[in-house]
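Chemist: To start, I am sharing the structure in question, which I have written as structure tokens.
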Amino acid sequence: MKPLVYKLNCLLVIYIAFINNAMALTTNYQTPLEQAQWQFSGDVFGCVITHNVQSFGSLSLTAEPGEPLALTLAADWLSMNNAHSQASVVSPAWKNHTSQQLATTSLNWQGNQASSKQSIAPFLEALEQGLKWEVSINSADGSQYRVDSTPVSTRAVANNFRLCRQKLLPKPFSYVRRLDLLFDPSSSHLNIVHSKDLVAVSRYIGADSTIAEVLIDGHADASGNRIANLVLSKERADEVASMLIELGVPAKMIQVRHHGTRSPVAANNNQQGRELNRRVSIRLVKTSVQTASSSPSGASQ
């Protein structure tokens, strides 16, 4: 009797191990070589490389003004939240006998997309070297998936992507749409930080035909004489407007106003508050009606 029980126990252990191994099998997704394509699109508002992965979704590499590179995996049928998957640059087995991970990053899932902006430069370099991307996924139900790119004809899109990045605007609309330039006490002098921001504003206006108006409002803190502060706020606003005009922004687009101490954004009874009140606010106003041809691909309202 005991030998029979022993055999049954052994069979049970083998069966459980078999089931566990079967459940742990990784499903691999990769587009066949003859069907693989890498697509590039871009302008001054953004650059994108996209690679469709058969039966799964797509991989993309994105560059936007003022932002680090982003790697994104978009799934057609898989959705997870606050989960992480590892993306790697992998050397093909035929080069080193076994596949080797040359760089990694952690993709964070939100719905049907997983993305990362950490350590993405090696993934662009991989395209230039003919290496592949690999994403390992462990789903909540225990299923395991591996999504591979197909490294074919990648050098041309990588080159186009690099050229596109060189022409990107310095900052996105989310940055330039509303700016506060802070000034030293009793000063209307524009510093290096102001200049960089104004260059970013002017370049965005020149690229986006939907910008209709530039509102410039000068302010001062409550220190000193009220009339003197009113004059100082005007000088600050005029300096900003003058530089934008020098940078190519049409004067007819610019509306300049000055408010003295009338519109503080912080208390004037402490140094930090007074620093915030010594400012010129710049606001870009878009047209209410936009056509498909005039709307920038990388801008949003």
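Chemist: Kindly indicate whether GLY46 is among the small types (Gly, Ala, Ser), touching an Asp or Glu at 6+ places or on another chain (Cβ under 7 Å), in contact (Cβ under 8 Å) with a residue 40 or more places away in the chain and open to solvent by 10 Å² or more (accessible area, probe 1.4 Å).
Modeler: Against the criterion (among the small types (Gly, Ala, Ser), touching an Asp or Glu at 6+ places or on another chain (Cβ under 7 Å), in contact (Cβ under 8 Å) with a residue 40 or more places away in the chain and open to solvent by 10 Å² or more (accessible area, probe 1.4 Å)), GLY46 qualifies.
Chemist: Here is a follow-up. Of all residues in the range 204-242, which are in contact (Cβ under 8 Å) with a residue 60 or more places away in the chain and either among the β-branched types (Val, Ile, Thr) or surrounded by 20 or more Cβ atoms within 10 Å (Cβ to Cβ) (or both)?
Modeler: TYR204, ILE205, ASP208, THR210, ILE211, VAL214, ILE216, ASP217, GLY218, HIS219 - these are the residues of the range 204-242 that are in contact (Cβ under 8 Å) with a residue 60 or more places away in the chain and either among the β-branched types (Val, Ile, Thr) or surrounded by 20 or more Cβ atoms within 10 Å (Cβ to Cβ) (or both).
Chemist: Would you confirm whether any residue within the range 109-121 is in a helix (DSSP H, G or I) and within 23 Å of ARG162 (Cβ to Cβ)? Spell out how you get there, then give the answer.
Modeler: Looking only at the range 109-121, we keep the residues that are in a helix (DSSP H, G or I), and these are 121.
If we keep only those that are within 23 Å of ARG162 (Cβ to Cβ) as well, we get 121.
There is at least one residue in the range 109-121 that is in a helix (DSSP H, G or I) and within 23 Å of ARG162 (Cβ to Cβ).
Chemist: Tell me which strands (runs of 3 or more DSSP E) are completely within the range 131-211 and hold 2 or more residues being charged (D, E, K, R) and under 30 Å from ALA114 (Cα atoms), or say none if there are none.
Modeler: Filter on the range 131-211 gives 132-138, 144-148.
Chemist: Of the residues ARG178, ARG165, only one is within 30 Å of GLY224 (Cβ to Cβ) and open to solvent by 80 Å² or more (accessible area, probe 1.4 Å); which?
Modeler: ARG178
Chemist: Considering each of ALA299, ALA251, ALA292 in turn, give the residue that is open to solvent by less than 90 Å² (accessible area, probe 1.4 Å), among the hydrophobic types (A, V, I, L, M, F, W, C), over 19 Å from ASP184 (Cβ atoms) and modelled with pLDDT under 95.
Modeler: ALA299
Chemist: A further question follows. Can you give me the number of residues within the range 84-98 that are modelled with pLDDT under 95 and either open to solvent by less than 70 Å² (accessible area, probe 1.4 Å) or part of a strand (DSSP E or B) (or both)?
Modeler: 5
Chemist: Is it the case that GLU125 is open to solvent by 20 Å² or more (accessible area, probe 1.4 Å), at pLDDT 95 or above, part of a helix (DSSP H, G or I) and closer than 26 Å to ARG162 by Cα? Spell out the reasoning first.
Modeler: Details: open to solvent by 20 Å² or more (accessible area, probe 1.4 Å): yes; at pLDDT 95 or above: yes; part of a helix (DSSP H, G or I): yes; closer than 26 Å to ARG162 by Cα: yes.
Yes: the conditions hold for GLU125.
The values are calculated or read from the model by the stated rules, or taken from the named source; none is laboratory data. Given the structure is predicted, the values throughout are model-derived calculations rather than measurements. Cβ sites come from the backbone with ideal geometry, for glycine too, and all protein chains shown count toward neighbours. Protein only, heavy atoms only, side chains kept; ligands, DNA and RNA dropped before computing areas. Shrake-Rupley method; radii C 1.70, N 1.55, O 1.52, S 1.80 Å.
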